[in-house]
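Structure first, then comments.
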């Protein structure tokens with residue numbers, strides 16, 4: 001590296017920004033700001049050394065920016081978790097493919113191996129960087145910058161006791177100056193010394209790790225050779241006959257299940273009895289298990305595809321044909337799971353987990369179809385890219401859907417149709433739900449009974465609003481801003497709701513005399 005000191009100074013500044021943005025502040029817009037600062041710092045450092053990113057690596061900036069922004073827009077837990085996870089993951093991918101840009105053809109083993117290498121670089125490379133710089137300085141002698149630093153440090157050390165003596169004399173001579181001096185000293189209170197030490201330590205550790213990331217991007221991200229590119233990482237060892245028996249057995253089992261689905265479930269018989277179950281009870285069972293079947297079918301096909309020997313065109317087409325048959329049947333099974341989930345929601349309402357499952361089934365079905373197509377085209381290395389795109393698609397869909405607002409709209413619609421509205425559950429949702437609740441509450445077309453219940457959820461949210469406020473700008477969150485505006489717009493209409501705060505629970509009494517608890521425990525599945 002041409003400018004080692006600039007590397008360390010930049011990393012220390014970024015470490016200090018981490019402390020400034022996150023110490024004693026809830027994450028908000030600070031996360032997106034810090035991601036941008038790290039990207040700018042890294043790109044500038046590497047550009048100063050004459051290193052340019054591959055254009056394919058730059059494609060990662062789009063999803064990184066999207067997920068970093070979502071972290072300051074959504075508060076729903078899964079969307080927020082995925083925004084953090086994908087931002088950090090994609091930043092890691094950017095670091096390991098910065099110069100080579102071959103992440104589009106990475107296999108799963110490439111991702112695993114390269115992330116282990118990145119972790120190793122974060123731990124070991126900064127230390128090696130220091131040792132190498134000292135060796136070069138020993139050979140060439142200290143540079144002019146180093147010669148200027150030591151006189152400055154000696155001057156500061158000499159000046160400190162002199163300044164202390166004069167400051168004490170001046171403080172004795174003037175009370176106002178003494179007060180100002182005490183205020184300055186109070187900033188360095190000894191009782192906070194452990195806190196300052198702790199913060200300084202994690203700033204240094206963060207700077208050390210960041211230098212490791214930057215150095216890895218600069219020296220180890222060329223992607224010159226990928227695992228399994230020349231020959232498979234694990235040679236195929238399972239015969240076609242064995243694999244055909246396995247896949248064929250699974251296809252037959254799935255076909256039998258699908259026949260039963262068409263006979264009973266898709267047939268829509270009003271009242272079948274199996275061990276005491278009605279049709280409605282029968283249909284609502286098992287959507288989670290069916291999703292698991294589809295997921296493990298994907299793993300089975302990927303595993304067999306990697307280890308099965310297909311030496312003739314007939315064997316290749318036979319294996320692909322069985323795969324197509326299995327995926328087609330899994331598609332019907334997923335449709336069955338989807339229908340069961342719809343019936344479950346019709347009976348019990350919408351929840352987060354049920355909404356996640358809806359979206360997950362869609363992307364899992366697309367991934368299954370993509371895997372078979374890629375196998376037919378002999379593009380096995382692209383499986384990892386397909387899986388990454390499906391995972392990113394799942395996270396993007398949840399973010400754009402606004403899960404909590406979607407749940408509010410669907411459950412309010414059910415309530416209008418005569419179903420019960422779970423007031424406590426709606427009140428327990430994140431701030432993403434509040435604008436949708438306020439819009440429904442203020443809708444002139446909403447029936448009075450449903451409006452009364454929706455208002456109860458809003459009143460519960462309003463009662464707990466003061467306890468979740470963080471006024472620092474670092475914690476600013478667009479979801480909380482819209483939440484506050486929605487509550488403000490409905491404030492006058494909520495005056496008729498009475499909040500009763502007992503020692504062990506909070507209840508709301510509506511203008512129609514209905515009483516609800518503000519804390520709910522249901523709707524978990």
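Counting neighbouring beta carbons within 10 Å and listing from fewest to most, the residues 361, 48 come out as 48, 361. Gain on full extension, evaluated as 0.36 nm per residue between residue 410 and residue 299 minus their Cα-Cα distance, stands at 36.6 nm.
Return the whole-Å distance between the Cα centroid of region 333-370 and the Cα centroid of region 401-470. Cα centroid to Cα centroid, the span is 23 Å. Against the compact-protein benchmark of 2.2 N^0.38 Å, the Cα-based radius of gyration of the chain scales to 1.29.
Model label points for residue 289 and residue 193, set 7 angstrom from Cα along the Cα-to-Cβ axis, are 6.5 nm apart. On full extension, the segment bounded by residue 13 and residue 112 gains 32.6 nm, given 0.36 nm per residue less the C-alpha separation. In this calculation the C-beta distance from residue 442 to residue 40 is compared with R0 = 45 Å, giving a FRET efficiency of 0.55.
With a simple spin-label model that places each label point 7 Å from the Cα along the Cα-to-Cβ direction, the separation between residue 119 and residue 259 comes to 4.9 nm. Spin-label pair residue 417-residue 179: with each label point 7 Å from Cα along the Cα-Cβ axis, the two points sit 7.0 nm from one another. Listed from fewest to most Cβ neighbours within 10 Å, the set 224, 195, 517 follows the order 224, 195, 517. PRE reach from residue 476 (point 7 Å along Cα→Cβ): which of region 13-34 fall under 14 Å by backbone N? Within reach of a label on residue 476, which here means backbone N under 14 Å from a point 7 Å along Cα→Cβ, region 13-34 contributes 28-34.
Taking other Cβ atoms within 10 Å as a rough exposure proxy, 6, 333 sort from fewest to most as 6, 333.
Residue ranges 122-133, 346-357 sort as 346-357, 122-133 when ordered by packing (mean number of other C-beta atoms within 10 Å per residue, highest first). The length gained by stretching the chain between residue 504 and residue 169 to full extension, at 0.36 nm per residue less their Cα-Cα distance, is 114.6 nm. Could you calculate the FRET efficiency of residue 59 with residue 205 from 1/(1 + (r/R0)^6), where r is the beta carbon distance between them and R0 is 35 Å, rounded to 0.05? Once the sixth-power term is evaluated, E becomes 0.65.
Since every read-out is calculated from the coordinates, none of them should be taken as a lab result. All of these numbers come straight from a predicted model, not from anything done at the bench. Neighbour counts are summed over all protein chains in view; Cβ atoms, including those assigned to glycine, are modelled from backbone coordinates with ideal geometry.
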